[in-house]
Amino acid sequence: MDDAAFVPVPSILPQDGRFGSGPTRIRPEQISALAHAPLGTSHRARPVIELVGQVRTQLAELLKVPEGYEIALGNGGASLMWEALTFSLVRERAAHAVCGEFGGKFAALTDAAPHLGESIIHRAEPGQWVGVNGADDADTLAFAHNETSTGMLSPLDPVGEHDADQLVVVDATSIAGAVSVDLAGIDVYYFSAQKALGSDGGLWFAALSPAAIERIERVTRERWVPPMLNLATALNNSRKDQTYNTPAIATLALLAGQLDYLIERGGLAAAEAHCRGLSESLYIWAEGHDRAAPFVAEPRHRSPVVATIDLFEVDADEVRAELAARAGIVDIAPYRSLGRNQIRIGCYPSVDAADVAALIEWLDWALAR
Ligand SMILES: *Cc1c(COP(=O)(O)O)cnc(C)c1O
């Protein structure tokens with residue numbers, strides 16, 4: 001008789017079995033509302049201008065951006081933002097904290113850019129945290145708020161003492177909209193919409209401080225910058241509630257619906273309580289299971305939105321295949337290049353607590369086999 005006989009198949013299924021870390025599930029109500037979105041309309045026409053204006057206002061409200069900050073947006077997602085920052089914001093040299101793939105990609109870009117000096121790169125082992133240092137001889141200090149590839153949460157103020165002309169630039173792609181933030185002291189807080197914000201891909205958004213705006217205006221005057229990567233051009237268009245070229249209108253419409261939902265439900269504090277509830281239940285489960293453990297050892301650095309959990313004595317690929325076939329649970333693979341025997345679970349505002357509870361029952365079942 002094998003062990004499986006002692007573990008009954010769970011009687012509950014998740015209502016929605018998608019637990020991706022990005023792209024993430026989109027609520028059905030947002031998708032229904034798309035029927036009324038100005039799809040197929042010029043971005044110079046009023047309905048799209050109004051939609052862009054609405055999203056900018058909602059983001060400023062949700063993120064409680066300090067006085068003088070502005071919300072800019074453009075096409076290309078967070079990856080384009082790395083290139084835009086490399087051309088339009090870094091003056092001579094950037095310093096980076098790298099805790100995984102995404103932080104590493106931005107660091108590699110500024111390091112390779114022929115118009116910039118060699119980058120200063122602080123690199124952590126996967127699952128560990130490292131900060132960026134204000135003492136570094138750099139005009140731009142960059143880190144990811146949530147490193148999606150490893151499930152590493154960074155404190156938002158790791159920089160310490162630094163000069164006013166050292167700008168702090170934060171990749172918040174997978175956490176913006178899910179946790180409370182104080183953006184005072186952060187000069188660029190940028191993100192895409194297909195992760196914590198539960199919309200689709202294709203666009204980048206950024207909250208820019210007055211110092212960042214001044215830097216962008218100066219750098220783009222002094223250096224030739226390709227128009228798509230020119231943040232002064234993006235900001236000028238954003239101020240008119242437009243974009244430099246045709247935006248992903250469906251992404252904007254899905255995002256407007258989600259921002260309404262987040263604001264109505266109590267803003268970032270409520271979103272954070274929800275996401276922490278989900279991820280804590282997974283971390284507590286993993287700590288109590290002898291075949292599982294949270295990947296990030298230090299509890300302070302465990303992501304509230306991307307729970308990475310190592311598995312032991314079982315093959316994570318087989319566990320995932322079994323959960324997909326039997327319970328419709330999908331998108332829980334670890335980041336591909338991390339190469340660990342792991343599952344990675346998106347714990348975002350649109351993910352239901354009951355679905356995570358069901359997932360845990362199915363994990364218990366699979367790990368007992
Ligand atoms: C997904 C992700 C990106 C890349 O986002 P795109 O919109 O695909 O360009 C960048 N940084 C982080 C932290 C991410 O999670």
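Can you tell me which residue is surrounded by the most Cβ atoms within 10 Å (Cβ to Cβ) among those in region 297-317 that are β-branched (V, I, T) and more than 17 Å from F102 (Cα to Cα)? Break it down stepwise before answering.
Kept after step one, since they are β-branched (V, I, T), are these residues of region 297-317: 305-306, 308-309, 314.
Then keep just the ones that are more than 17 Å from F102 (Cα to Cα); that gives 309, 314.
Details: I309: 25, V314: 16.
The residue in question is I309.
Look at F106 and say whether it is surrounded by 20 or more Cβ atoms within 10 Å (Cβ to Cβ) and either β-branched (V, I, T) or within 12 Å of the ligand (Cβ to nearest atom) (or both). Judged against the criteria, F106 is a match. Taking every residue in region 350-367 that is under 15 Å from A316 (Cβ atoms) and pairing it with any residue that is modelled with pLDDT of 95 or more and among the basic types (K, R), at least 6 positions away or on another chain, the pairs with Cβ-Cβ distances below 7 Å are L367/R291. When each of R93, R46 is tested for being more than 16 Å from the ligand (Cβ to nearest atom), free of Cβ contacts under 8 Å to residues at least 12 places away in the same chain and over 30 Å from D331 (Cβ atoms), the lone residue that passes is R46. The residue of region 345-369 that is farthest from the chain's Cα centre (by Cα), among those that are over 15 Å from C275 (Cβ atoms) and among the charged types (D, E, K, R), is R369. Evaluation of W129 against the conditions (1) closer than 19 Å to A60 by Cβ; (2) touching a residue at least 60 places away in the same chain (Cβ under 8 Å); (3) out of contact with any Lys or Arg (no Cβ under 8 Å at 6 or more places or on another chain); (4) not polar (S, T, N, Q) shows that the sole unmet condition is (1).
For A211, indicate whether it is in the same structural domain as R93 (by the TED database), of a type in the set (G, A, S) and crowded, with 21+ Cβ neighbours inside 10 Å. Working first, answer last.
Working: in the same structural domain as R93 (by the TED database): yes; of a type in the set (G, A, S): yes; crowded, with 21+ Cβ neighbours inside 10 Å: no.
So A211 fails the test.
Filtering region 150-192 to residues that are within 16 Å of the ligand (Cβ to nearest atom), buried (at least 20 other Cβ atoms within 10 Å of the Cβ) and modelled with pLDDT under 95 leaves only L156.
Given the criteria in contact (Cβ under 8 Å) with a residue 24 or more places away in the chain, away from the ligand (no atom under 16 Å from the Cβ) and surrounded by 22 or more Cβ atoms within 10 Å (Cβ to Cβ), does A135 qualify? Walk me through it before giving the result.
Values: in contact (Cβ under 8 Å) with a residue 24 or more places away in the chain: yes; away from the ligand (no atom under 16 Å from the Cβ): yes; surrounded by 22 or more Cβ atoms within 10 Å (Cβ to Cβ): no.
No: the conditions fail for A135.
I'd like the residue in region 276-312 that is of a type in the set (D, E) and within 21 Å of the chain's Cα centre (by Cα) and, out of all such residues, is farthest from V179 (Cα to Cα). First the steps, then the outcome.
Within region 276-312, the first condition is being of a type in the set (D, E), and the residues that meet it are 280, 287, 290, 298, 310.
Remaining after also requiring within 21 Å of the chain's Cα centre (by Cα): 280, 298.
On the way: E280: 14, E298: 19 Å.
Result: E298.
As a summary of the residue check, A142 satisfies the conditions (1) closer than 15 Å to R215 by Cβ; (2) away from the ligand (no atom under 14 Å from the Cβ); (3) modelled with pLDDT of 95 or more except for the one numbered (2).
Figure legend. Inter-residue proximity from region 10-34: first residues within 12 Å of G198 (Cα to Cα), second residues at pLDDT 95 or above and among the aromatic types (F, W, Y), beta-carbon distance below 6 Å, spacing 6+ or different chains. Indicated pairs: T24/Y348. Only one entry in A60, A78 is more than 16 Å from the ligand (Cβ to nearest atom) and on the phi < 0 side of the Ramachandran plot, namely A60.
Yes or no: I216 buried (at least 20 other Cβ atoms within 10 Å of the Cβ), away from the ligand (no atom under 16 Å from the Cβ) and not assigned by the TED database to the domain that holds S303? Taking the combined requirement at face value, the residue satisfies it.
The values are calculated or read from the model by the stated rules, or taken from the named source; none is laboratory data. Because the structure is a prediction, the values reported are computed rather than measured. Cβ atoms come from the backbone with ideal geometry, glycine included; neighbour counts cover every protein chain shown.
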